[in-house]
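Scroll down for the structure; my scribbles are underneath it.
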């Protein structure tokens, strides 16, 4: 066999079903091998960011590696914007670039650069260029293995086109590596955590997205019930999956150091959460100085990154919480006084959370643009409860989730901030979960980055519904201007804000998707219901353009 066939053999051995990508002239050997390998389906994207984001969405939803093929150095750099999202969220995307021939790389030939692997090294766990055809299988397997090993993240492998065409002996093929065993903390550290949580006067548990990815949500529920802990989600700007059920009586909203009851907290235990991913310069600490922080995360870099810990643990969440539950139970039940005090605190937190939810505006029928919050509430009425939301609503995100409460296992968000991720990621999620209703919620700015993804969705019969929250502007740019000016501003007064005059429906239809437009509440519910129906009936994506304020 040749190098391209060795590459595909290795993907097959790993159970990789899809190779996302956008080829160029260097992929000839790979395309020929793909035509002879029906077990691996090539999923063509029209631009590199679409292919990378589809691989990213597929990896998040399938819990497997998402593999993407890019074209030499220029394709690698074009796809790097979406690879940034994978890197920030720890998503196991394996990028393979079919590079120019080895005889051209050192001569600065067309589309070659000096030391291309170094140009993407800051965005991946491992970046390497294959030097011998006999190493293609080994290094492809290594790329996948490294991407899937905790802390997970993307990898990049460059393979020159002459090596893809070169002969490879079957003795050079390698088998998949066994998964690395989950990291388990030492018993004394776990016992110390148990004592701190057991004896704390006013503890608070912060659930991070790693609980969902690590299969530890139910363990967190049991710990909260055992110790009567109020539970908050990590900050939503960094939370890319739902880590604790919102309808559980111990759930009390999203973490905020400004919460009126935070002044009473003496021990904060955060598991699987990043503490924190900052958006603007902090004027005050996000963990008050009087709070003892217990922080556990599978990535040691995250523990103690910004705030010092009283106990810091680098561990996978499931084994940690399993051992912690045993250690807590070994200490015996809470005293009646402790139970009474903690139950009162939990009720106070829960009452404050429910009061905040009750104060939200209800969606109203009639003319005029809806608020984003109303749009979210209307979606909650129309969508099935287990609909999977792929969220890239950016500055509208807090308002949207004030109206729509996602379920555990039913939310994927990109925390990197490289725009255009939402629509192609939703297509990748749909490929991983074909029976589920998948809905992308994106701003009009984000939609305009990667509408080409719809073409791939049509070709592969992916019934994703895309809800475009259209406010006709780059809201984040306007918000930045308002922070700078210290007062509200009109978008029309400054360059770089307004993006009106885009016909989203015409764009969608141009790529073969269904399209609907809604200006007020009744129209929106009807359009969304029809979009769900027609997309499922013929396997094409549907776009719902909804005007919001």
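Quick one: is residue 191 in contact (Cβ under 8 Å) with a residue 24 or more places away in the chain, surrounded by fewer than 21 Cβ atoms within 10 Å (Cβ to Cβ), in contact with a strand residue (DSSP E or B) (Cβ under 8 Å, 6 or more places away or on another chain) and in the same structural domain as residue 316 (by TED's automatic domain parsing)? Spelling it out, it is not the case that residue 191 is in contact (Cβ under 8 Å) with a residue 24 or more places away in the chain, surrounded by fewer than 21 Cβ atoms within 10 Å (Cβ to Cβ), in contact with a strand residue (DSSP E or B) (Cβ under 8 Å, 6 or more places away or on another chain) and in the same structural domain as residue 316 (by TED's automatic domain parsing). Checking the stated criteria, residue 161 turns out not to satisfy the condition of being in contact with a strand residue (DSSP E or B) (Cβ under 6 Å, 6 or more places away or on another chain), at pLDDT 95 or above and surrounded by fewer than 18 Cβ atoms within 10 Å (Cβ to Cβ). When we screen 72, 113 for residues that are more than 27 Å from residue 179 (Cβ to Cβ), in contact with a strand residue (DSSP E or B) (Cβ under 6 Å, 6 or more places away or on another chain) and at pLDDT below 95, the only hit is 72.
Restricting to the range 387-406, name every residue that is at pLDDT 95 or above and either surrounded by fewer than 19 Cβ atoms within 10 Å (Cβ to Cβ) or not in a strand (DSSP E or B) (or both).
To start, the set of residues in the range 387-406 that are at pLDDT 95 or above comprises 387-392.
Within the range 387-406, just 387 meets the criteria.
Out of all the residues in the range 329-340, is one or more farther than 19 Å from residue 255 by Cβ, part of a helix (DSSP H, G or I) and within 32 Å of the chain's Cα centre (by Cα)? Scanning the range 329-340, I find no residue that is farther than 19 Å from residue 255 by Cβ, part of a helix (DSSP H, G or I) and within 32 Å of the chain's Cα centre (by Cα), so the answer is no. For the range 202-222, name all the residues that are assigned to a loop (DSSP other than H, G, I, E, B) and under 19 Å from residue 256 (Cβ atoms). Answer for the range 202-222, where residues must be assigned to a loop (DSSP other than H, G, I, E, B) and under 19 Å from residue 256 (Cβ atoms): 202, 208, 209.
Within the range 137-157, if we keep just the residues that are without any contact (Cβ under 8 Å) to a residue 40 or more places away in the chain and under 22 Å from residue 27 (Cα atoms), the residue that is surrounded by the fewest Cβ atoms within 10 Å (Cβ to Cβ) turns out to be 138. Quick check, is residue 540 assigned by TED's automatic domain parsing to the domain that holds residue 450, more than 18 Å from residue 445 (Cβ to Cβ), under 28 Å from the mean Cα position of the chain (by Cα) and in a helix (DSSP H, G or I)? So residue 540 does not fit the description; no. Among residues of the range 1-29 that are assigned by TED's automatic domain parsing to the domain that holds residue 156 and free of Cβ contacts under 8 Å to residues at least 40 places away in the same chain, those with a beta-carbon under 6 Å from a residue that is in a helix (DSSP H, G or I) and crowded, with 20+ Cβ neighbours inside 10 Å at least six positions away or on a different chain give the pairs 8/33.
Quick check on the range 302-319. Is at least one of its residues assigned by TED's automatic domain parsing to the domain that holds residue 194 and on the phi > 0 side of the Ramachandran plot?
There is at least one residue in the range 302-319 that is assigned by TED's automatic domain parsing to the domain that holds residue 194 and on the phi > 0 side of the Ramachandran plot.
A single entry from 225, 284, 241, 278 fulfils the requirement of being part of a helix (DSSP H, G or I) and not assigned by TED's automatic domain parsing to the domain that holds residue 481: 225. Considering 81, 103, 134, the condition of being in contact (Cβ under 8 Å) with a residue 60 or more places away in the chain and more than 30 Å from residue 315 (Cβ to Cβ) is satisfied by 81 alone.
Here 376, 414 are screened, and the one residue that is touching a helix residue (DSSP H, G or I) at 6+ places or on another chain (Cβ under 6 Å), under 20 Å from residue 527 (Cβ atoms), crowded, with 19+ Cβ neighbours inside 10 Å and modelled with pLDDT of 90 or more is 376.
The values are calculated or read from the model by the stated rules, or taken from the named source; none is laboratory data. Remember, it's a predicted structure, so these values are computed and weren't measured experimentally. Note: ideal-geometry Cβ built from the backbone for every residue, glycine included; neighbour counts use all protein chains shown.
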